[in-house]
Amino acid sequence: MSSSKTTTTTTTGQVRASHILIKHQGSRRKASWKDPEGRVIMNTTRDSAVSQLKSIRDDIVSGKAKFDDIATRLSDCSSAKRGGDLGPFGRGQMQKPFEEATYALKIGEISDIVDTDSGVHIIMRTG
């Protein structure tokens, strides 16, 4: 018996998600649209990035902030211009920890902190 709370994928096995990425000195690429020289990123520790993202997540979950508004302003990913929307993607298209976290979420859920080579993320599954 299935419930409406089960994790679903499209008929092509794809999901859709938005995310907020905070890069840090351990990120594979130490530059972003908002920090092209990487000056801030090079001085951001992983712990600091995680702390910032936890605070952001708390604000979103409590209703103090909207995911897409925060993504547009703060995400280090170029998807920021789309409110963090990455569009649809399938297995093998994203870094493994990101993919696994996204597929584990139900639509509308927001992940805990997800670590990848790009930095630290929170992910909201949207489809």
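The table that follows gives values for the structure above.
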quantity: Selection count, region 10-33, where residues are at pLDDT 95 or above and open to solvent by 80 Å² or more (accessible area, probe 1.4 Å); calculated: 5
quantity: Residue match in region 63-86 (condition: more than 14 Å from residue 16 (Cα to Cα) and of a type in the set (Val, Ile, Thr)); calculated: yes
quantity: Positions within region 34-48 being open to solvent by 60 Å² or more (accessible area, probe 1.4 Å), outside any loop (DSSP other than H, G, I, E, B) and not hydrophobic (A, V, I, L, M, F, W, C), in sequence order; calculated: 39, 46, 47
quantity: Test: residue in region 105-119 that is more than 16 Å from residue 20 (Cα to Cα) and either open to solvent by 50 Å² or more (accessible area, probe 1.4 Å) or not acidic (Asp, Glu) (or both); calculated: yes
quantity: Selection from region 58-88 of residues that are open to solvent by less than 50 Å² (accessible area, probe 1.4 Å) and either assigned to a helix (DSSP H, G or I) or without any contact (Cβ under 8 Å) to a residue 40 or more places away in the chain (or both); calculated: 60, 65, 67, 70, 71, 74, 79, 80
quantity: Search result, residues across region 89-127 that are in a loop (DSSP other than H, G, I, E, B), β-branched (Val, Ile, Thr) and under 17 Å from residue 13 (Cα atoms); calculated: 107, 126
quantity: Any pair with Cβ under 9 angstrom, 6 or more apart, that starts in region 89-100 at a residue that is under 14 Å from residue 120 (Cα atoms) and ends at one that is outside any loop (DSSP other than H, G, I, E, B) and open to solvent by 50 Å² or more (accessible area, probe 1.4 Å); calculated: 97/115
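The values are calculated or read from the model by the stated rules, or taken from the named source; none is laboratory data. Computed from a prediction, not measured in an experiment: that's the story for all the values here. Cβ coordinates were reconstructed from backbone atoms using ideal geometry, including for glycine residues, and neighbour counts include every protein chain displayed. For accessibility, only protein heavy atoms count, side chains too; no ligands or nucleic acids. Shrake-Rupley method; radii C 1.70, N 1.55, O 1.52, S 1.80 Å.
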